[in-house]
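Enquirer: To start, I am sharing the structure in question, which I have written as C-alpha cells.
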Amino acid sequence: MKTALRTCPLCETACGLRLTLDDAGSVLRVEGDQDDPFSKGFLCPKGAALGQLDEDPDRLSRPLVRDRADGELRPASWDEAFAEVHRGLTETMAAHGRDAVALYFGNPTFHTMAGFLYRQPLTQVLGSRNVYSASTIDQMPKHVASGLMFGDAFAVAVPDLDRTDYMLILGANPVESNGSLCVAPNFKGRLRALQERGGKVVVVDPRLTRTAELADEHLFIRPGTDPYLLFGIVHTLLAESLTALDVEVTGLDELRTLARDFTPEAVERACGVPATTTVRLARELAAAPSASVYARIGTCTAEFGSTAQWLVDVINALTGNLDRPGGVMFAKTAALEIFRSGQPFSTGAWHSRVRGLPEVLGEFPVATMADEIETPGEGKIRALITIGGNPALSAPGAPRLARALSELDFMVCVDPYLNETTRHANVILPPPRILQSPHFDFLVQIIMVRNYARFSPPVLPLRDDQRSEAAILAKLLLMLAGQGPDADPSGAEEMLLGQLLATVPEMRAGLDGDDGTEQILDALLKLGSYGLSLEAMREAPHGLDLGPLQPRLPEILCTASGKVDLAPTALAADVPRLLARLLDPVPEMVLIGRRHLRSNNSWMHNVPSLIGGSNRCTLHVHPQDVARLGLGDRARVRSAAGEVEVVVEATETIMPGVVSLPHGWGHEDSGQAVARKNAGVNANALTDEAVVDPVSGNAVFNGVPVSMLPA
Ligand SMILES: Nc1nc2c(c(=O)[nH]1)N[C@H]1C(S)=C(S)[C@@H](COP(=O)(O)OP(=O)(O)OC[C@H]3O[C@@H](n4cnc5c(=O)[nH]c(N)nc54)[C@H](O)[C@@H]3O)O[C@H]1N2
Ligand SMILES: Nc1nc2c(c(=O)[nH]1)N[C@H]1C(S)=C(S)[C@@H](COP(=O)(O)OP(=O)(O)OC[C@H]3O[C@@H](n4cnc5c(=O)[nH]c(N)nc54)[C@H](O)[C@@H]3O)O[C@H]1N2
Ligand code: SF4
Ligand SMILES: [Mo]
C-alpha cells in the first residue's frame, strides 16, 4: 500500500486529496487531505470517485485511427497516429490555408498543466482565426466586463468570502457546483461561517437551489433578466446617494444617465423582483460593513451576460467594496501571470467570416462554429483539433454542430474517451490516466478566495506505450510548425522555455524538474510574485497557504485612463437594447439549466457510483405548469432550435413558467458503456446558436423560449 497526496483536477475547487493505493496502482481509498491549509479535508462525491474515474475501463489506452478504406476507428501505434495527424493537417493547410484548421479547447484544458502551457503556443503557431474554447459557452462575459472596466480580461474580482459581511449571489449554486470563478473548498461551510459571524446571504435564482435553501433570503427571478435587477440596484444607489466610491473611476456621469430609466418600479415587471425588494437590497449592500456581489453561470450564459457581469462590479465599486477586504478582490498567483497582456483590453481585432462576430481574446464564439464549418468559401473550416472538449454535447445547437463535425475533411481529438464528439475524429490521441499526470492549477489561482498553491507530481509512471498530455500537445505544436511527425517533443519545451526566459537566459541552467513541464513550472514559480520554486512546492506536499487576498487593483489596472471605467463604451452601447426589451412580452415558458453535485458537464456519467438517484436527466417543471399543460411522465419540449422528449419531474423548487434541464447528457452515441445506458437527452438540442450575448459572443443557455406538450 502507498499513500499519495494530490490536488483533485476535476473542477475549479482544487481540493487536496489523500489517496491510498495498492501495489498495482489501484486507488483503494480517497480522503480529503486534512493537512491542506485551504481545503482542510473537504472533498465532494466526484473527488471521492477519482479512483473509479481514473481506472474507468472505457478510458482509451491507445490512439485510435480511422481506417481510410473502411472508415472504422481502430487502435494504432503512436507513430501511426502522429503520421496520420501530420498528413491530415498538412494536406488541409497546403490546399486551403491555415484558417481552414480550427482549434477547440474544452473545459479540462483550463485545469491540466499541458492545456495551460500549450494553448497560447498552439494558437500562435497554427495562425488560424478559427480558435474556439469553452470560454464562450461559459465565462467570456466576465472576461469582457473585467477587460473593459479594469483593462485586463483576467482581472476577475473574487468575493472575499471568508471576510465578507453580506453576499448577494445571482445565478450560481455553489453548494452543488462547488463554486466557479470563486474558488473556495467547502463553499457551504464558508457561507455558514459568514452567517455565524452575523452576515447575510441572499440568493437570486429561478430555482430554490440548495444554496438558496441555506441563504437568509431567496428571490425568484425571471431567467435572463438579472441586468434589470442589477440596474435597479445601481439606480437606487445613485438616486439615494448611497455610494461610497474609494477607487478612482471614470464614467460616473455616463452611468447615472444609463441607469436613469431603470427605476426599481420599471424593472419589476421584467424581472419579477418587487421594487421594494430591489430598493432594500441596494440599501443593505450600502449599509453592510463589507459586501460582495457574485454572479455566475446563470447570468453569464444569457443574452445580456456581459451587461450583468459589468453591473455586478459597478455595484461592488459604488458601495466601496472593490479591492478591499470583505468586498471583492484580486488573487495573486504563485506562477508568473503570463496570461496578462499588459495592454488595455479590446475586442474585434478581426471578425468571423459568416456572422461577422468580433474576436474576443483571440477567439470566435462556439455559437458560430457550425456556420464556419458549413458555409463554403475561403476560410471555411475543413479540419479541427479538439483538446479536452465535447462540443457535440456542450455547444448551443449541438446536434447541428455534431452533423457539421461529421462533414469535416479531418479531425483530431486529444481526449481520453470515445464519445459524442470524438466519434467524428480521424484520430483520437488519449492522454494518460489522471494519476499519471502532474498537476498544478495555473488559472484557478487567479480566482481563489485565498492565495494558495499546490503541486502534485504524477503518482504513477507512464507505460512505454503511453504519452504524457504535454508530449502529445508538443507533437501537435511541432507538426503545426512544419517539423514533421517524428520531431522530438523536447524541442517544443525548449521553444517555450526560450520564450519565457528571453530576458533571463541564465536561469535555464539552474532549472529543476523531472521533465520539461516541471522545468517550465519551476521557471514560472521563480519568476512569480512570491519567488517560489518547484523545490518549495515539493517541500509543501499539502499545499502552501500564501495568505488572505490583498488589495492590488493599482498593480492590475490596465485601462487607458488608469482608472476603473464604470461606463465602458461597448457596454453602454448595448443598454438601449436592454431598455427596449423592458417592454417586450414575457415568454410563457423558458428553459434554464442546472448542475448536480455528482455530475460534471458531459464526461462523468460513466462512473456508476456517481449517476442515478437524483442525478438524472429530468425536466424540472412546476406542478402548476404540469397541471396546466396536462403533462404526464414525459413531455415534448420544443424551441426555435429543436425538440426533445424528456422525463418530467414536478417540483415546487422551480418558478412557474420556467423549466430546467441539466446539460451534458444525450449519450446514445457514446463509447462510454455506463453513460450510454443512462443516455438522457441533450439540452443543447433546444438552445439556439443563432442567439448570443453580442458583446462577448457568449452562448445563451438560460431564458430559452420553449413550448411543451404531453408526450
Ligand atoms: N457538480 C458539478 N459541479 C460543477 C460542474 C458540474 O457540471 N457539476 N460544472 C463546473 C463548471 S464547468 C462550471 S462553469 C461551474 C458553474 O457553477 P455555477 O455557476 O454555480 O453553476 P450552476 O450550479 O449551474 O448554477 C447556476 C444557477 O443559475 C440559475 N439560473 C439559471 N438561469 C438564471 C438566470 O437567468 N438568472 C439567475 N439569477 N439565475 C439563473 C440556475 O437555476 C442555477 O441554480 O460549475 C462547475 N462545477
Ligand atoms: N445547456 C448548457 N450547456 C452548457 C452549459 C450549461 O450550463 N448549459 N455549461 C457550459 C460550460 S460552463 C462548460 S465549461 C462547457 C463544457 O464544454 P466542453 O469543455 O466542450 O465539454 P466537457 O463536457 O467539459 O468535456 C470535456 C472533455 O474533455 C475530456 N477530458 C477529460 N479529462 C481530460 C484530460 O485530462 N485531458 C484531455 N485532453 N481531455 C480530457 C472528456 O473526455 C470530455 O470529452 O459546457 C457548456 N455547455
Ligand atoms: S469539489 Fe469535488 S470535484 Fe471539485 S476539486 Fe473538490 S473534490 Fe474535486
Ligand atoms: Mo464551465
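Enquirer: Rounded to the nearest Å, what's the spacing between the alpha carbon centres of the range 633-711 and the range 505-526? Just the number, please.
Expert: 46 Å
Enquirer: Report the antiparallel proportion of the DSSP beta bridges in the chain as a percent, rounded to a multiple of 5.
Expert: Roughly 50 percent of the DSSP beta bridges within the chain come out antiparallel.
Enquirer: What distance in nm lies between label points placed 7 Å from Cα along the C-beta direction at residue 77 and residue 350?
Expert: Modelled inter-label distance: 3.8 nm.
Enquirer: So how long is each side of the chain along the principal axes, counting just the alpha-carbon atoms, biggest first, in Å?
Expert: Projected onto its principal axes, the Cα set of the chain covers 68, 60, 53 Å.
Enquirer: Hey, how many Å between the Cα centroid of the range 362-426 and the Cα centroid of the range 315-337?
Expert: Centre-to-centre (Cα) distance: 37 Å.
Enquirer: What length, rounded to one decimal in nm, is gained on full extension from residue 690 through to residue 280, with 0.36 nm per residue of separation minus their alpha-carbon distance?
Expert: Taking 0.36 nm per residue and subtracting the Cα distance, the gain is 143.9 nm.
Enquirer: While we're here: Roughly speaking, what is the stretch gain from residue 588 to residue 465, that is 0.36 nm per residue apart minus the C-alpha to C-alpha distance, in nm to one decimal?
Expert: Taking 0.36 nm per residue and subtracting the Cα distance, the gain is 38.6 nm.
Enquirer: Write down the percent of antiparallel bridges among all DSSP beta bridges whose residues are both part of the range 587-710, to the nearest 5.
Expert: Counting DSSP beta bridges with both partners in the range 587-710, the antiparallel share is about 70 percent.
Enquirer: Hey, what D do you get for the range 1-55 in µm²/s if you plug the Kirkwood alpha-carbon radius into Stokes-Einstein at 37 °C and 0.692 mPa s?
Expert: 298 µm²/s
Enquirer: Label 7 Å along Cα→Cβ of residue 624; the range 213-250 residues with amide nitrogen under 16 Å?
Expert: 219-223
Enquirer: Have a look at the DSSP beta bridges in the range 336-466 and tell me what percent are antiparallel, nearest 5.
Expert: 25 percent
Enquirer: What stretch of the chain, leaving out the sites themselves, is the longest with no GluC sites (Glu not before Pro) in a DSSP loop having at most 16 other Cβ atoms within 10 Å?
Expert: 73-239
Enquirer: Here's something else I'd like to know. Computed FRET efficiency, Cβ-Cβ of residue 552 and residue 196, R0 35 Å: what is it to the nearest 0.05?
Expert: With a Förster radius of 35 Å, E is 0.75.
Enquirer: For the pairs 332/526; 380/475; 40/188, flag any whose C-alpha to C-alpha distance is greater than 19 Å.
Expert: From 332/526; 380/475; 40/188, over 19 Å: 380/475.
Enquirer: To continue, here is another question. Subtract the Cα-Cα distance of residue 579 and residue 287 from 0.36 nm times their separation in residues, and report this length gain in nm to one decimal.
Expert: So the extension gain works out to 102.3 nm.
Enquirer: With a Förster radius of 45 Å, plug the Cβ-Cβ distance of residue 529 and residue 669 into 1/(1 + (r/R0)^6) and report the FRET value to the nearest 0.05.
Expert: 0.45
Enquirer: What is the Cα centroid distance between the range 77-141 and the range 584-605, reported in whole angstrom?
Expert: Taking the Cα centre of the range 584-605 as reference, the centre of the range 77-141 is 28 Å away.
Throughout, read-outs are computed from the coordinates displayed, never taken from laboratory work. Since we're looking at a predicted model, the values are computed, not measured. Positions of Cβ are backbone-derived with ideal geometry, glycine not excepted, and every protein chain shown enters the neighbour counts.
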